[in-house]
């Protein structure tokens with residue numbers, strides 16, 4: 001089932017590689033670890049990484 | 001995942017029991033045959049206790065008895081610390097290698113001489129995971145073990161893994177649907193998607209708040225959003241409470257209805273009996289009074305009756321005397337005249353009498369004496385008195401027949417009514433005696449009425465509350481749109497704005513995936529259940545299809561198009577539960593063994609052979625542990641299973657407190 005969700009993330013984000021990376025990172029991290037209260041920090045870091053990558057690509 | 005070994009120590013009637021379920025043959029079907037009372041259901045309870053820390057079938061029916069083996073308690077005078085343990089070794093083999101899981105629950109109880117007083121000192125549960133023979137991980141915290149258990153044996157649907165044949169009717173009640181849905185969501189990753197979506201929403205709210213700090217209009221909308229969310233949460237909590245209460249009430253109603261099956265209307269019968277008994281007491285009292293009246297009547301009328309001819313004769317005689325004027329005059333006046341002359345005053349007005357008056361009285365006396373010459377004054381007096389008495393008695397005797405008739409009629413009426421009442425009371429008593437423990441049943445019926453009322457009240461409350469939640473959600477949605485518009489139109493922090501846009505996109509994509517997966521999984525489970533059920537079912541020509549709706553409510557259709565779940569026999573219902581379970585496991589990705597306690601309790605002999613064949617087929621792919629009574633393991637079952645089972649064990653006992661195990665033949 002995990003594989004199916006990953007496939008769908010890739011399929012749905014075909015126009016936004018950075019969003020795909022963000023969602024895959026978060027999904028895999030959540031599947032393997034319980035982030036507990038750390039999740040806010042983790043999510044924001046991933047979003048910032050996304051924004052950073054976008055900034056470098058100059059597209060949003 | 002299959003069970004390889006189960007070890008029980010000091011758990012109820014199992015002082016020291018080890019069951020090996022390994023060394024599989026082609027068919028991984030394992031059978032334990034045990035007479036009632038030897039611990040089949042307690043073996044299921046032990047497994048449930050080990051994995052979930054609960055013993056459901058004991059908790060529902062009774063106060064939980066002491067878990068520690070009675071024999072060891074007796075040997076130690078109910079004094080000391082006693083360890084109870086259940087350990088289960090299981091194995092999962094797939095393309096990634098072999099993993100072994102060792103589930104271990106150990107509880108310690110302290111006794112201080114009093115058999116009724118036990119203190120639980122510790123209750124520890126851990127899961128040790130071995131990967132390709134090496135210890136890889138030990139899960140000990142509650143969160144870790146719960147997560148692991150829910151991914152392998154979801155507690156919400158444990159009935160489908162630890163299958164109780166006595167409770168078949170519980171399997172397809174509509175309340176079960178939501179439990180199945182959440183279990184499927186949990187094991188298929190949908191719950192994880194929900195967690196991620198919720199977390200993105202929280203992050204988004206935080207970003208919005210940051211912007212709101214600099215923009216009061218956004219702050220206002222944000223505060224309204226927070227308040228609405230708070231209201232939704234509260235209303236959802238209320239709805240969940242109502243839902244739990246409804247669910248609990250319906251479960252209890254189901255249990256009580258099962259218990260009351262065949263004893264319907266008992267409460268009315270008891271009420272009727274009580275009413276009739278009151279009426280009977282009333283009629284008995286009236287009959288007693290009528291009999292007393294009869295006694296008084298006899299006492300009163302007996303002498304009259306006896307002397308009635310004499311009275312009549314006497315009455316005729318007196319009347320004749322009067323008619324013939326042979327009756328002496330009443331002489332009372334004469335005595336008065338004498339008295340007045342002697343006293344020389346009037347007895348009436350007390351005035352003194354003159355000499356003329358005295359003379360007049362003396363003349364009158366002489367006149368009276370002349371008239372009464374030759375007649376008896378004494379007889380005259382007696383007859384005069386008797387005349388009244390006799391007439392009174394004769395007159396009263398004329399009512400004798402009427403009064404007698406009335407009293408006897410009353411007595412007969414009361415006796416007749418009493419007879420009718422006695423017959424009806426006896427009929428009810430016979431019915432009650434044939435029913436075990438009528439007072440308990442009556443209590444059950446009263447409880448049933450209370451629970452039904454409670455459920456209906458909660459259904460109404462939940463309905464109102466759900467409407468409110470819908471309205472609040474609409475309001476929240478509008479507020480979110482309003483907030484988005486405000487954010488995009490105002491000159492806000494562009495970086496945060498971009499971050500909000502990212503979270504929105506993430507939420508949108510994940511929600512789409514979640515919805516698609518939810519629908520696909522249900523559709524796939526539906527398809528597989530149909531396929532497996534059709535393969536296993538022997539009455540293929542009567543069955544058309546199974547439908548599983550979005551709330552996981554299962555319906556079965558006959559070829560005629562009619563809904564058939566309620567009309568299915570026990571064997572078919574058990575088979576449907578089994579098919580659904582296998583489909584659910586295959587689709588959602590968790591794979592566990594299935595343990596079936598007395599699955600054939602309600603299955604007729606003629607269907608056992610077919611059912612056994614179906615089980616055998618299932619056991620090619622999935623481990624099955626069957627707990628059967630000797631009568632369930634009938635010739636029909638043996639004919640199919642005897643040459644194919646993996647292990648056959650028999651529970652036996654040398655004393656009631658210790659169940660032992662031997663290999664069967």
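Read-outs throughout are calculated quantities, based only on the coordinates presented, and are distinct from any laboratory measurement. Here the structure is a predicted model, which is why all the values come from computation and not from measurement. Cβ placement follows ideal geometry from the backbone for every residue including glycine, while neighbour counts extend to all protein chains displayed.
Descriptive notes on the structure:
- Test for residue A:4: is it within 8 Å of chain B (Cβ to nearest Cβ), crowded, with 18+ Cβ neighbours inside 10 Å and within 24 Å of residue B:516 (Cα to Cα): no
- In segment B:538-584, of all residues being in contact with a strand residue (DSSP E or B) (Cβ under 6 Å, 6 or more places away or on another chain) and closer than 22 Å to residue B:161 by Cβ, the one that is surrounded by the fewest Cβ atoms within 10 Å (Cβ to Cβ) corresponds to B:565.
Residue-by-condition table, conditions (1) in contact (Cβ under 8 Å) with a residue 60 or more places away in the chain; (2) over 13 Å from residue B:67 (Cβ atoms):
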position	(1), (2)
B:103	no, yes
B:107	no, no
B:118	no, no
B:123	yes, no
B:128	no, yes
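- Search result, residues across segment B:470-494 that are within 14 Å of chain A (Cβ to nearest Cβ) and not in a helix (DSSP H, G or I): B:493
- Set side by side, the residues B:467, B:453, B:515, B:497 differ, and just one is within 14 Å of chain A (Cβ to nearest Cβ), out of contact with any strand residue (DSSP E or B) (no Cβ under 8 Å at 6 or more places or on another chain) and more than 29 Å from residue B:216 (Cβ to Cβ), which is B:515.
- Sole residue being more than 30 Å from residue B:547 (Cβ to Cβ), loosely packed, with under 15 Cβ neighbours inside 10 Å and within 14 Å of chain A (Cβ to nearest Cβ), chosen from B:196, B:202: B:202
- Subset of segment B:404-430 [touching a residue at least 24 places away in the same chain (Cβ under 8 Å), surrounded by fewer than 15 Cβ atoms within 10 Å (Cβ to Cβ) and over 46 Å from the mean Cα position of the chain (by Cα)]: B:404, B:408
- The residues on offer are B:529, B:573, and the sole one that is within 29 Å of the chain's Cα centre (by Cα), away from chain A (no Cβ under 14 Å) and part of a helix (DSSP H, G or I) is B:573.
- Just so you know, in segment A:20-41 the residues that are closer than 18 Å to residue B:207 by Cα and at the interface with chain B (Cβ under 9 Å from one of its Cβ atoms) include one that is surrounded by the most Cβ atoms within 10 Å (Cβ to Cβ), and it is A:22.
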